[in-house]
Amino acid sequence: MENPVVLFEVRQRVGVVTLNHPEKRNALSRTMLENLRSTLARISEDRQVKVVVLRAAGTVFSSGHDLKELAAADESTAAAIFSLCTEVMEAVRKLPQPVIGMIQGLATAAGCQLAATCDLVMASETAYFATPGVKIGLFCTTPSVALCRAVPTKKSLEMLFTGNPISAQEAEQVGLVNHVVAPDQLEAETFKLAYQIAASSAHTLRLGKQAFYQQLPLERSAAYAYAQQCMVENLAAPDAKEGIQAFLAKRPPQWQD
């Protein structure tokens, strides 16, 4: 029996999703995307999972779409693959839990898109990020959607027009990565961040992530109107009442979930 291409486990309320097809450089094949979609759907309903770490087996995070699969696809099949990929990327963004990408190696094309889609990114010093589709005549248009929302326009276009990879250090400078650490510290530092976030109220994390992405495309006054209503609703929640009371009493809060 073949090994599953996506693995899932829970560590202290942190869900760990692992791309597990290193012999194919963790390409986002149709099978990989379908497995990711079903795994993310399961996590979205799991109230015991407060934070998600998305990582990969082997030396490459993900090489993007399976080019052999795309080369053999007719127009309708290609449309279905790209639609499925978008569905997975949006599932990551819409997941109630914060998602931390743990990038140990190359993240290219749709693999770079997946990294850029994560809410936070921890990267090894050996990681690289690229959108090289232009080099094979297939512009990284769908990856650009996530890329340009994480990286300033000029740098996004440089990556898209040249296809040249950027280092983890440069990715941190332009905002694609939160922190760069030594390879042997990547897992420890990623889970340190995950556990810190998981110590917060799950309800508050869910509400905060949803509200952040909802207000992001709005004009400033509309964003404030939406955000203040979220604050009113958040204030009425049991965990907010408990958190404020705990702060005033100088004791640790006891969250409901």
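Selection of first residues in the range 17-41 that are at positive phi and of second residues that are in a helix (DSSP H, G or I), restricted to Cβ pairs under 9 Å at least 6 apart or on distinct chains, gives the following pairs, ordered by first then second residue: Arg25/Gly111; Asn26/Met32; Asn26/Gly111. Taken together, the residues in the range 51-69 that are under 14 Å from the mean Cα position of the chain (by Cα) and small (Gly, Ala, Ser) amount to 2. Considering the range 162-191, and only residues there that are of a type outside the set (S, T, N, Q) and touching a residue at least 60 places away in the same chain (Cβ under 8 Å), the residue that is nearest to Pro143 (Cα to Cα) turns out to be Leu176. Say whether the condition of being closer than 24 Å to Leu157 by Cβ, buried (at least 17 other Cβ atoms within 10 Å of the Cβ) and in contact with a helix residue (DSSP H, G or I) (Cβ under 8 Å, 6 or more places away or on another chain) is met by at least one residue in the range 90-100. Yes: the range 90-100 contains one or more residues that are closer than 24 Å to Leu157 by Cβ, buried (at least 17 other Cβ atoms within 10 Å of the Cβ) and in contact with a helix residue (DSSP H, G or I) (Cβ under 8 Å, 6 or more places away or on another chain). Residues that are surrounded by 15 or more Cβ atoms within 10 Å (Cβ to Cβ), closer than 27 Å to Leu207 by Cα and hydrophobic (A, V, I, L, M, F, W, C) are absent from the range 127-137. Residues satisfying the criterion are present in the range 225-236 (criterion: assigned to a loop (DSSP other than H, G, I, E, B) and over 27 Å from the mean Cα position of the chain (by Cα)). The residues on offer are Thr153, Thr190, and the sole one that is out of contact with any Leu (no Cβ under 8 Å at 6 or more places or on another chain) and buried (at least 16 other Cβ atoms within 10 Å of the Cβ) is Thr190.
Any residue at all in the range 8-27 that is in a helix (DSSP H, G or I), within 12 Å of the chain's Cα centre (by Cα) and buried (at least 19 other Cβ atoms within 10 Å of the Cβ)? No, the range 8-27 has no match at all.
Here, each number is a calculation from the coordinates, and none is a lab measurement. What you see is a predicted model, and the numbers here were worked out from it, not measured in a lab. Cβ sites come from the backbone with ideal geometry, for glycine too, and all protein chains shown count toward neighbours.
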